[in-house]
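The values are calculated or read from the model by the stated rules, or taken from the named source; none is laboratory data. Keep in mind that what you see is a predicted model, and the values were worked out from it rather than measured. Because the Cβ atoms are built from the backbone with ideal geometry, glycine has one as well, and the counts that use them run over all protein chains shown.
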(Lines give C-alpha, C1' and ligand atoms only; values in the text may rest on other atoms or scores of the structure.)
Protein backbone atom coordinates (compact mmCIF):
# COMPACT_ATOMS: atom_id res chain seq x y z
CA UNK A 1 0.00 0.00 0.00
CA UNK A 2 2.77 2.46 0.90
CA UNK A 3 4.46 1.74 -2.46
CA UNK A 4 1.24 2.54 -4.32
CA UNK A 5 0.89 5.82 -2.44
CA UNK A 6 4.52 6.74 -3.15
CA UNK A 7 4.20 5.84 -6.86
CA UNK A 8 1.34 8.30 -7.16
CA UNK A 9 3.43 11.05 -5.54
CA UNK A 10 1.07 11.34 -2.60
CA UNK A 11 2.43 12.34 0.80
CA UNK A 12 1.47 10.71 4.08
CA UNK A 13 0.85 12.15 7.51
CA UNK A 14 1.29 9.25 9.92
CA UNK A 15 -1.17 9.42 12.79
CA UNK A 16 0.22 8.58 16.23
CA UNK A 17 -0.91 5.27 17.69
CA UNK A 18 -2.57 6.07 21.02
CA UNK A 19 -2.37 2.45 22.18
CA UNK A 20 1.37 2.28 21.55
CA UNK A 21 1.97 5.63 23.23
CA UNK A 22 -0.04 4.73 26.32
CA UNK A 23 0.70 1.00 26.65
CA UNK A 24 3.75 0.20 24.52
CA UNK A 25 4.28 -2.47 21.90
CA UNK A 26 3.92 -5.42 24.31
CA UNK A 27 0.34 -4.60 25.25
CA UNK A 28 -2.54 -7.06 25.41
CA UNK A 29 -5.42 -6.81 22.99
CA UNK A 30 -8.15 -4.38 23.96
CA UNK A 31 -11.75 -3.71 23.06
CA UNK A 32 -13.55 -0.43 22.44
CA UNK A 33 -15.20 -0.35 25.86
CA UNK A 34 -11.79 -0.26 27.55
CA UNK A 35 -10.87 2.92 25.63
CA UNK A 36 -14.24 4.62 25.96
CA UNK A 37 -13.08 6.63 28.97
CA UNK A 38 -12.67 10.36 29.53
CA UNK A 39 -8.90 9.92 29.89
CA UNK A 40 -8.41 7.97 26.64
CA UNK A 41 -10.60 10.43 24.72
CA UNK A 42 -8.75 13.42 26.19
CA UNK A 43 -5.36 11.85 25.40
CA UNK A 44 -6.56 11.09 21.84
CA UNK A 45 -7.61 14.71 21.32
CA UNK A 46 -4.28 15.87 22.70
CA UNK A 47 -2.39 13.57 20.28
CA UNK A 48 -4.53 14.76 17.36
CA UNK A 49 -4.18 18.50 18.02
CA UNK A 50 -0.90 18.95 16.06
CA UNK A 51 -2.28 16.75 13.25
CA UNK A 52 -5.35 18.98 12.92
CA UNK A 53 -3.13 22.08 12.80
CA UNK A 54 -0.98 20.45 10.12
CA UNK A 55 -4.01 19.49 8.01
CA UNK A 56 -5.40 23.04 8.26
CA UNK A 57 -2.02 24.50 7.27
CA UNK A 58 -1.75 22.16 4.27
CA UNK A 59 -5.25 23.03 3.06
CA UNK A 60 -4.71 26.76 3.53
CA UNK A 61 -1.64 26.46 1.32
CA UNK A 62 -3.30 24.69 -1.58
CA UNK A 63 -2.75 21.03 -0.75
CA UNK A 64 -5.54 18.47 -1.10
CA UNK A 65 -6.09 16.10 1.79
CA UNK A 66 -7.37 12.93 0.13
CA UNK A 67 -8.53 11.16 3.25
CA UNK A 68 -7.80 9.14 6.33
CA UNK A 69 -6.98 5.44 6.12
CA UNK A 70 -7.73 3.64 9.36
CA UNK A 71 -7.44 0.03 10.49
CA UNK A 72 -10.81 -1.69 10.75
CA UNK A 73 -11.06 -4.02 13.70
CA UNK A 74 -8.97 -1.75 15.93
CA UNK A 75 -10.67 -0.49 19.10
CA UNK A 76 -9.05 2.90 18.53
CA UNK A 77 -8.32 3.23 14.77
CA UNK A 78 -11.24 1.33 13.27
CA UNK A 79 -13.24 3.39 10.77
CA UNK A 80 -16.14 1.09 9.85
CA UNK A 81 -15.76 -1.58 12.51
CA UNK A 82 -14.18 -2.11 15.88
CA UNK A 83 -13.89 -4.92 18.41
CA UNK A 84 -16.15 -5.03 21.42
CA UNK A 85 -16.77 -7.14 24.51
CA UNK A 86 -19.06 -6.45 27.38
CA UNK A 87 -16.94 -7.94 30.16
CA UNK A 88 -15.49 -4.85 31.77
CA UNK A 89 -11.89 -5.46 30.72
CA UNK A 90 -10.76 -7.32 33.83
CA UNK A 91 -9.68 -10.94 33.50
CA UNK A 92 -7.49 -11.54 36.54
CA UNK A 93 -8.77 -13.83 39.28
CA UNK A 94 -11.65 -15.04 37.15
CA UNK A 95 -12.27 -18.74 36.49
CA UNK A 96 -14.35 -17.87 33.41
CA UNK A 97 -11.61 -16.07 31.47
CA UNK A 98 -12.06 -18.15 28.28
CA UNK A 99 -15.81 -17.49 28.09
CA UNK A 100 -15.15 -13.77 28.51
CA UNK A 101 -12.55 -13.75 25.74
CA UNK A 102 -14.94 -15.67 23.48
CA UNK A 103 -17.44 -12.84 24.03
CA UNK A 104 -15.42 -10.50 21.76
CA UNK A 105 -17.40 -9.37 18.71
CA UNK A 106 -17.14 -6.92 15.85
CA UNK A 107 -19.28 -3.77 15.84
CA UNK A 108 -20.00 -1.71 12.74
CA UNK A 109 -18.81 1.59 14.20
CA UNK A 110 -15.55 3.49 14.51
CA UNK A 111 -12.96 3.09 17.22
CA UNK A 112 -12.46 5.76 19.87
CA UNK A 113 -9.44 7.50 18.25
CA UNK A 114 -11.26 7.76 14.90
CA UNK A 115 -14.38 9.09 16.65
CA UNK A 116 -12.27 11.84 18.19
CA UNK A 117 -10.55 12.59 14.86
CA UNK A 118 -13.93 12.91 13.13
CA UNK A 119 -15.15 15.24 15.90
CA UNK A 120 -12.07 17.44 15.52
CA UNK A 121 -12.52 17.55 11.73
CA UNK A 122 -16.15 18.62 12.23
CA UNK A 123 -15.17 21.27 14.83
CA UNK A 124 -12.66 22.71 12.34
CA UNK A 125 -15.02 22.40 9.34
CA UNK A 126 -12.73 19.91 7.62
CA UNK A 127 -14.56 17.68 5.15
CA UNK A 128 -12.16 14.76 4.75
CA UNK A 129 -13.29 11.22 3.85
CA UNK A 130 -12.39 8.14 5.87
CA UNK A 131 -11.69 4.64 4.61
CA UNK A 132 -9.98 1.64 6.16
CA UNK A 133 -7.92 -1.44 5.66
CA UNK A 134 -9.23 -4.45 7.56
CA UNK A 135 -6.55 -5.69 9.98
CA UNK A 136 -7.60 -9.33 9.47
CA UNK A 137 -8.18 -9.29 5.69
CA UNK A 138 -5.97 -6.53 4.31
CA UNK A 139 -7.24 -6.92 0.74
CA UNK A 140 -10.95 -6.68 1.65
CA UNK A 141 -11.17 -2.87 1.35
CA UNK A 142 -8.27 -2.34 -1.03
CA UNK A 143 -10.58 -1.03 -3.78
CA UNK A 144 -11.89 1.69 -1.46
CA UNK A 145 -8.33 2.78 -0.70
CA UNK A 146 -7.39 2.72 -4.39
CA UNK A 147 -10.48 4.81 -5.20
CA UNK A 148 -9.37 7.38 -2.63
CA UNK A 149 -5.86 7.44 -4.13
CA UNK A 150 -7.17 7.72 -7.70
CA UNK A 151 -9.10 10.83 -6.69
CA UNK A 152 -5.75 12.27 -5.65
CA UNK A 153 -4.32 11.42 -9.05
CA UNK A 154 -7.11 13.41 -10.70
CA UNK A 155 -6.50 16.37 -8.38
CA UNK A 156 -2.76 16.25 -9.14
CA UNK A 157 -3.45 16.48 -12.87
CA UNK A 158 -5.46 19.70 -12.30
CA UNK A 159 -2.65 21.36 -10.33
Of the residues in region 4-25, how many are closer than 12 Å to residue 149 by Cα and either out of contact with any helix residue (DSSP H, G or I) (no Cβ under 9 Å at 6 or more places or on another chain) or touching a residue at least 60 places away in the same chain (Cβ under 8 Å) (or both)? 7
Test: residue in region 8-15 that is at pLDDT 95 or above and either in a loop (DSSP other than H, G, I, E, B) or within 29 Å of residue 122 (Cβ to Cβ) (or both): yes
In this structure, is residue 5 surrounded by 12 or more Cβ atoms within 10 Å (Cβ to Cβ), in a helix (DSSP H, G or I) and modelled with pLDDT of 95 or more? no
